[in-house]
Amino acid sequence: MDGQEAYLGGFNIGEEYLGNHKKLGYWRDYHLRIKGEGVFEIEQQFLKDWEEDTGQRLSPQHVHTSHSNRANYQLLLSTGEELEQKVIKLINCARTKLTIATPYFIPSERLMDALISAKEKGVSIDILLPDNTDAWFTKPPSYPKTEKLLSKGIRIFLYEKGFFHGKVMIIDHTVANISTANWDPRSFYLNDEASCIIYDREIIAHVE
């Protein structure tokens, strides 16, 4: 907005996402409002996507802003396997605690191996998934994955109040990743996705 603020995260725009969907009911999601230097990077990516789809090249609307970044964060704007590699790197950094929440959970074998390896090293892992879904076809392929992780001692919780659509991962209470990306092949290998990796303990505590 006016080159000054940007929003990033999981929220969709539609009546059903306000909790008015008869089947899904209450809708839970995570979103960030960003001011400061990161806005220009987000705007540049948007304009790149716009040109790819329309052929129209637009100029950025970024205006010099006095907002300085009050929190340390890193933007990860990705397409393809680089996202999976980054997530695996974050998992491998965990020493004590790993928290994951996602609406769709169909991790690759490499991600499964990373989670199991972290658990075997003594990392406590909690995964939050929705019990009810807006995409039924994502649940059957998820069952063998969750069954295997449960057998390794990883805890999995089902969100029952409505539909959980947030995409977040928290590592050792010191790093958080709030993202558009799901834990599924489309996000890791096909879609353009945007992630914000946060290193600010106060914000991370709020997310937790």
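The values are calculated or read from the model by the stated rules, or taken from the named source; none is laboratory data. Note that the structure is predicted; figures quoted are calculated from it, not measured. Please note: Cβ atoms are built from the backbone with ideal geometry, for glycine as well, and neighbour counts cover all protein chains shown. Surface areas here come from the heavy atoms of the whole protein model, side chains and all, with no ligands, DNA or RNA. Shrake-Rupley method; radii C 1.70, N 1.55, O 1.52, S 1.80 Å.
Points worth noting:
- Placing unit charges on the Cβ atoms only, positive for Lys and Arg and negative for Asp and Glu, gives the stretch 128-181 a dipole magnitude near 160 debye about its Cα centre.
- Net dipole in debye of the stretch 23-157 [+1 Lys, Arg Cβ; -1 Asp, Glu Cβ; about Cα centre; nearest 20]: 720 debye
- Where only DSSP H runs of four or more residues are counted, the chain gives -8500 deg cm²/dmol as its mean residue ellipticity at 222 nm, each run worth -39500 (n - 2.57).
- Local electrostatic count at LEU149 - Lys and Arg +1, Asp and Glu -1, tallied over other residues with Cβ under 10 Å: +4
- Across the accessible surface of the stretch 150-208, with the other protein chains kept in place and a 1.4 Å probe, carbon and sulfur atoms take up 53 percent.
- Rolling a 1.4 Å probe over the heavy atoms of the protein chains gives the stretch 1-49 an accessible area of 65 Å² per residue.
- Between the helical axis of 38-54 and the longest alpha-carbon principal axis of the chain there is an angle of about 90 degrees.
- Most to least packed among 39-47, 122-130 [average Cβ atoms within 10 Å]: 122-130, 39-47
- Probe 1.4 Å, accessible area per residue of the stretch 82-136, Å²: 42 Å²
- Entries in LYS22/LYS97; LYS139/LYS161; LYS89/LYS167; LYS86/LYS161; LYS22/LYS139; LYS121/LYS145 that, when Cα-Cα distance is taken, lie over 25 Å: LYS22/LYS97; LYS86/LYS161
- A straight Cα-to-Cα reach below 19 Å connects LYS23 with the aspartates and glutamates GLU15, ASP131, ASP134, GLU160, residues fewer than 8 places away in its own chain not being considered.
- Answer label for percent of Cα pairs over 22 Å apart (calculated), chosen among (1) 53; (2) 48; (3) 58: (1)
- Exposed trypsin sites (Lys or Arg not before Pro) absent - longest run of the chain, DSSP non-H/G/I/E/B, at most 15 other C-beta within 10 Å: 162-208
- Cβ-based net charge around ASN92, under 15 Å, with every Lys or Arg adding one and every Asp or Glu removing one: +3
- For the stretch 65-136, convex hull volume per residue from C-alpha positions, Å³: 160 Å³
- Share, in percent, of DSSP beta bridges within the chain that are antiparallel, nearest 5: 65 percent
- Between the listed residues LEU150, GLN4, THR138, the Cα displaced farthest toward the positive end of the dipole of the chain, a dipole computed from Cβ unit charges relative to the Cα centre, is found at LEU150.
- Solvent-accessible surface of protein heavy atoms, probed at 1.4 angstrom with all chains present, puts VAL207, VAL87 in the order VAL207, VAL87, largest first.
- Mean Cα-pair separation over length for the chain, i.e. relative contact order, pairs under 8 Å, 6 or more apart, %: 28 percent
- The stretch 112-208, relative contact order [Cα under 8 Å, separation at least 6], %: 23 percent
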